[in-house]
């Protein structure tokens with residue numbers, strides 16, 4: 001569920017929403033329209049945005065077999081999909097539970113760190129050139145969270161409440 | 001040449017099938033909790049677990065331990081079968097085509113989502129024929145009424161059956177540390193029965209987990225070199 005709307009729902013447990021709460025509600029609904037547009041944009045251009053990044057990855061790692069590179073690309077396909085859904089719901093916990101708690105061990109075993117870092121940078125370039133600044137600002141926090149948890153340090157996730 | 005189109009078409013890009021918000025579902029109207037496969041779930045209150053320990057202690061005394069271990073093995077056998085089916089279905093691949101790391105990652109997440117604590121698996125001793133499982137926040141340790149020795153026999157039984165199913169070899173499991181005794185986590189050692197049962201004597205001598213593992217590995221090396 002959309003985090004902000006959920007919080008407002010809980011806040012109105014025993015009273016009507018205040019004017020300030022209603023303003024927040026309206027802003028959230030407006031933001032939802034932008035998020036839906038961004039989600040649709042990414043969904044419909046998933047392949048065309050990621051293919052150039054995959055091509056550059058092959059050039060950057062010419063000695064690495066394609067199966068290994070494909071594994072890294074698939075990871076980021078998943079991250080982008082779940083990140084987009086998390087963006088749509090304005091819910092970072094969704095991304096945490098579905099991907100970021102799940103993937104670290106897989107990355108460690110397959111030892112794709114350098115390849116994944118490179119692909120992340122290529123992906124950022126592709127997304128920046130395809131999305132509007134407003135759309136980029138919506139999806140960016142989720143991709144940065146994924147990068148931070150999976151590639152920058154050991155897990156920075158806090159246990160969910 | 002990587003084809004993203006082919007990757008999207010041929011691969012199932014799944015995340016954590018056992019994510020709690022997705023895996024546990026409920027029907028408030030009928031009072032049901034189910035997993036996402038439609039299997040009914042039952043919540044076990046801590047008082048119920050405590051009652052099992054106390055009731056068994058009252059009825060059968062020290063025989064409670066093998067009884068609980070046996071319960072765990074029965075549970076583990078069917079749990080392994082259901083779990084393997086669920087993972088295979090969720091990943092869209094037969095078991096033979098699933099990487100062990102993916103399978104074990106699913107196992108960890110499943111364990112956590114069911115509220116049994118956190119489980120980590122250590123394969124550092126695999127060369128010597130042992131697998132170590134570390135469980136924190138065990139519900140069984142918490143419900144255990146006494147603090148004189150490790151008490152998570154249900155979990156030990158479950159782990160032995162699960163890994164027996166996974167490896168195709170009959171494995172036994174012994175707990176070496178227990179949260180009920182003040183330890184930070186519960187450690188379990190899995191291996192062939194004739195190898196891992198040696199730890200029972202060292203446990204009675206109150207040796208710690210690290211010492212027990214050292215002795216088990218040394219004992220295996222000695223056997224290999226035919227020094228025993």
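Please treat every number below as a calculation from the coordinates, not as lab data. Small disclaimer: the values here were computed from a predicted structure and weren't measured. Every residue, glycine as well, gets a Cβ built from its backbone with ideal geometry; the counts of neighbours run over all protein chains shown.
So here's what we get for this one:
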| quantity | calculated |
| --- | --- |
| All positions within the stretch A:51-67 that are out of contact with any helix residue (DSSP H, G or I) (no Cβ under 7 Å at 6 or more places or on another chain), more than 9 Å from every other protein chain (Cβ to nearest Cβ) and assigned to a helix (DSSP H, G or I) | A:59, A:67 |
| Matching option when the condition is more than 9 Å from chain B (Cβ to nearest Cβ), closer than 20 Å to residue B:4 by Cα and part of a helix (DSSP H, G or I), among A:71, A:81 | A:71 |
| Failed condition for residue B:89, given (1) more than 17 Å from residue B:151 (Cα to Cα); (2) away from chain A (no Cβ under 14 Å); (3) under 18 Å from the mean Cα position of the chain (by Cα); (4) assigned to a helix (DSSP H, G or I) | (3) |
| Filter result for the condition that a residue is at negative phi and within 14 Å of chain A (Cβ to nearest Cβ), over B:27, B:99 | B:99 |
| Breaking point among (1) more than 14 Å from chain A (Cβ to nearest Cβ); (2) part of a helix (DSSP H, G or I); (3) closer than 22 Å to residue B:44 by Cβ, for residue B:135 | (2) |
| Considering residues of the stretch B:7-16 that are in contact (Cβ under 8 Å) with a residue 12 or more places away in the chain and more than 7 Å from every other protein chain (Cβ to nearest Cβ) only, the residue surrounded by the fewest Cβ atoms within 10 Å (Cβ to Cβ) | B:12 |
| Any chance residue A:38 is away from chain B (no Cβ under 11 Å), more than 20 Å from residue A:131 (Cα to Cα) and either under 16 Å from the mean Cα position of the chain (by Cα) or touching a residue at least 60 places away in the same chain (Cβ under 8 Å) (or both) | no |
| Total residues in the stretch A:22-35, condition more than 21 Å from residue A:85 (Cβ to Cβ) and either surrounded by 15 or more Cβ atoms within 10 Å (Cβ to Cβ) or touching a residue at least 24 places away in the same chain (Cβ under 8 Å) (or both) | 2 |
| Check on residue B:37, touching a helix residue (DSSP H, G or I) at 6+ places or on another chain (Cβ under 7 Å), surrounded by 11 or more Cβ atoms within 10 Å (Cβ to Cβ), within 14 Å of chain A (Cβ to nearest Cβ) and assigned to a loop (DSSP other than H, G, I, E, B) | no |
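This table checks each residue for (1) over 30 Å from residue A:45 (Cα atoms); (2) assigned to a helix (DSSP H, G or I); (3) more than 14 Å from chain A (Cβ to nearest Cβ).
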position: B:5; (1), (2), (3): no, yes, no
position: B:18; (1), (2), (3): no, no, no
position: B:47; (1), (2), (3): yes, yes, yes
position: B:55; (1), (2), (3): yes, yes, yes
position: B:60; (1), (2), (3): yes, yes, yes
position: B:63; (1), (2), (3): yes, yes, yes
position: B:66; (1), (2), (3): yes, yes, yes
position: B:71; (1), (2), (3): yes, yes, yes
position: B:85; (1), (2), (3): yes, yes, yes
